[in-house]
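Single-structure report; data block below.
The values are calculated or read from the model by the stated rules, or taken from the named source; none is laboratory data. Model, not experiment: these values are computed from the prediction. Note that each Cβ is placed from the backbone with ideal geometry, even for glycine, and that neighbours are counted across all protein chains shown.
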Amino acid sequence: MGKDLWMACWVMTSLVASLTSVTYSEAFVVTQRETEASLSLLLAALAEEEALRECLLVVVADEAFRESGALTELLRMPNQRQTMFLRPDEDRVEIQWKTPLCRAYFILVSDPSPVFELAGQPEAHWDHEGRYVILGLTLDDLTSLIETTNGRKTEHILGIIETEHPGQYRVYMNQLYWGPGMAFVTTWRRSRFTRRAALFPDKTSDLRGAELRVVQFELPPHIIYERDAGDRLARRFGRDVEVVRALAKVFRFRPAFVEPPPGQLWGDRLPNGSWDGIVDVLYTGKADIGVGNMYVSDLHDRMDFQHYSAPYAVERSCFTAKMEPPVPRWRSLILPYQTETWLAFLGALAVCGCVLYLLFLLTRFSGGSEEHRSLLTAASSFLYAAGMHFRQPQHRVPARDSTRSFFLLLWFYAIVLTTSYSSNLTAFLTKSRQPKGMETIRELREANLPILCVNSFFKGSMVLSENKDIQALADRYRVVPGFEQVYKLVLAGEGVNIESRSYLEYVVSTQFMSPQGHPRMRIMKECISVSHIAMGFQIYSPLKAKFSKVIMWMVEGGLVTNWFFGAIERAKKIQEAENSRMKGNGSPVEEEIETGSSDAIALSIDHMQSIFYLLILGYLASSFVFLIEVIRR
């Protein structure tokens, strides 16, 4: 009896265990089917989102999802599509992500390593404009993904994470500039979202007060630093700064201005292939935007390290050289006429003296009057002719009609000659005359002077030029550390500086003027190139497209030009205030040139020095002749 009871219990236990096992197995199958059906519906709902409806679907799945219902559902979608299966040990660098259409990527993986491998590829192999839907990664994995170089520049990354409840998924999206990490968006429960939300919102039109780092350095008049009494930076302004601030208002971000490392400006290519300066700061992600009169150029593959916005200005690259000292004022008396004119004037004076002497002699032989006999000496005739050339009244008038007719023409000739001289003399007395210096590239080449600059950018463009004279200048190109050292060499006549013309004009007119108001450097007339000016970005920056559109609106509206001239006027006022402050402190300042409402200028001793030199010369000459006369007696 006991044995039969034990056997019955054993059979009952086995049966219960068997039934329980079947129940659990059926429940597992049902749950798995519900989960798979829910996931299929979720992916289908995402593919039908308005933001993805017209996109080409790129479906990437590993072996774990090859036979899944989720993949099958995606392949049923009416969109154009491209399907790729990830296999072990596959070279994923060759996968072509970009297509000419709107692109939506559905990535279904059970192992996160292929996704990180793809995201870690060079930026040219990643589609930064695509919209990604990723299934199979944890929240930590997704957070790590968006912190990669490519992840930080991708606007739309959507992560789907399965919850502990069957058929329920949580949806997260990257925030780009809005904040760190992945943000929870909504929950999918079996066949619908628990709340409607924008899954692919525009994250660049409104940056929601995000801080963008702007790398720049002082470069007047494009970026001007205004300092307080303690020489501390009070504020910055200028054309490029105003462009950034206008964009900040439109896109609602806070610009944080930073500078490249000391001694580095736009950037130079280093021997190891990397860059320094602004190019390196953008490439390494230490700043989002770069400004500073940046030329749009791919010299030395620059565009592999930084990208440019739409251009907002045009600049010419010109040379500045030492201003030759002005012609001495004492030479003003001879400047109204060229050398050939002076020679003709002296020749005409000599001829007139001879003709007069000849006429007076003829008058004597023809029985002329006593009046003519008083002018019969050669000295008197030449003195008479000189007086006429210098517009002096003559008391002795020829008596014969033939001689008088000659004198009428001679007087008219003298009036024209002396009037033109005196009129032109006024201009040369009041205006300094500069000697002719180098103006062309060929003259610069023949001068054999070094070409000085703070970086090597212009040397590369010179080497690539088709102009042989410009190519020759590249052999004399020297990189000098700092603008101060460059100008020191230029003022010493030991080289010429090459930079943008607007920058050179500002520097020459504000920093290198003599106490008399004359520039100490001058800009050569012939320049070497014309370049567009734009804003710099990190390569594949999501900001570039929309920022460029607004920049074009600024240019069309004339705002950029207005900011440029406004900055110059503001800088002049600040300089005038600084000069007034220094005068009040008794500090030496440069002599100001006073100008009234008219252009009239009061002549000073400096203007008239030549005539006083001539007077002194006359005293000395007359004294010398007087001594000779005394000795001869």
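Observations
- Scan of segment 284-306 for residues that are of a type outside the set (S, T, N, Q), outside any loop (DSSP other than H, G, I, E, B) and crowded, with 20+ Cβ neighbours inside 10 Å, ordered by number: 289, 290, 291, 292, 294, 295, 302
- Residue that is modelled with the lowest pLDDT, among those in segment 392-423 that are under 18 Å from residue 341 (Cα atoms) and surrounded by 14 or more Cβ atoms within 10 Å (Cβ to Cβ): 410
- Residue, farthest from residue 307 (Cα to Cα), within segment 76-109, restricted to residues that are modelled with pLDDT under 85 and of a type in the set (Ser, Thr, Tyr): 83
- Residue 452 being in contact with a Gly (Cβ under 8 Å, 6 or more places away or on another chain), within 16 Å of residue 317 (Cβ to Cβ) and either crowded, with 18+ Cβ neighbours inside 10 Å or free of Cβ contacts under 8 Å to residues at least 12 places away in the same chain (or both): yes
- Scanning segment 473-513 for residues that are without any contact (Cβ under 8 Å) to a residue 60 or more places away in the chain and in a loop (DSSP other than H, G, I, E, B), we see that the one that is nearest to residue 295 (Cα to Cα) is 480.
- Residue within segment 252-273 that is in a loop (DSSP other than H, G, I, E, B), crowded, with 18+ Cβ neighbours inside 10 Å, of a type in the set (Phe, Trp, Tyr) and on the phi < 0 side of the Ramachandran plot present: yes
- Residues that are within 24 Å of residue 248 (Cβ to Cβ), in contact with a helix residue (DSSP H, G or I) (Cβ under 6 Å, 6 or more places away or on another chain) and of a type in the set (S, T, N, Q), drawn from segment 276-330: 306, 309
- One residue stands out in segment 167-204 among those that are in a loop (DSSP other than H, G, I, E, B) and touching a Lys or Arg at 6+ places or on another chain (Cβ under 6 Å): the one that is farthest from residue 247 (Cα to Cα), namely 167.
- Members of segment 159-187 found to be surrounded by 15 or more Cβ atoms within 10 Å (Cβ to Cβ) and aliphatic (A, V, I, L, M), listed by number: 160, 161, 171, 173, 176, 182, 185
- Candidate set from segment 513-531 (those that are surrounded by fewer than 18 Cβ atoms within 10 Å (Cβ to Cβ) and over 21 Å from residue 313 (Cα atoms)); member that is modelled with the lowest pLDDT: 516
So that you can scan it fast, the table gives a plain yes or no per residue for (1) free of Cβ contacts under 8 Å to residues at least 60 places away in the same chain; (2) under 18 Å from the mean Cα position of the chain (by Cα):
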site	(1), (2)
232	yes, no
243	no, yes
253	no, no
270	yes, no
274	yes, no
299	no, yes
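- Between 508, 486, the distinction of being buried (at least 16 other Cβ atoms within 10 Å of the Cβ), over 21 Å from residue 299 (Cβ atoms), touching a strand residue (DSSP E or B) at 6+ places or on another chain (Cβ under 7 Å) and of a type in the set (A, V, I, L, M) belongs to 508 only.
- Just so you know, in segment 147-171 the residues that are on the phi < 0 side of the Ramachandran plot and of a type in the set (Gly, Ala, Ser) include one that is nearest to the chain's Cα centre (by Cα), and it is 151.
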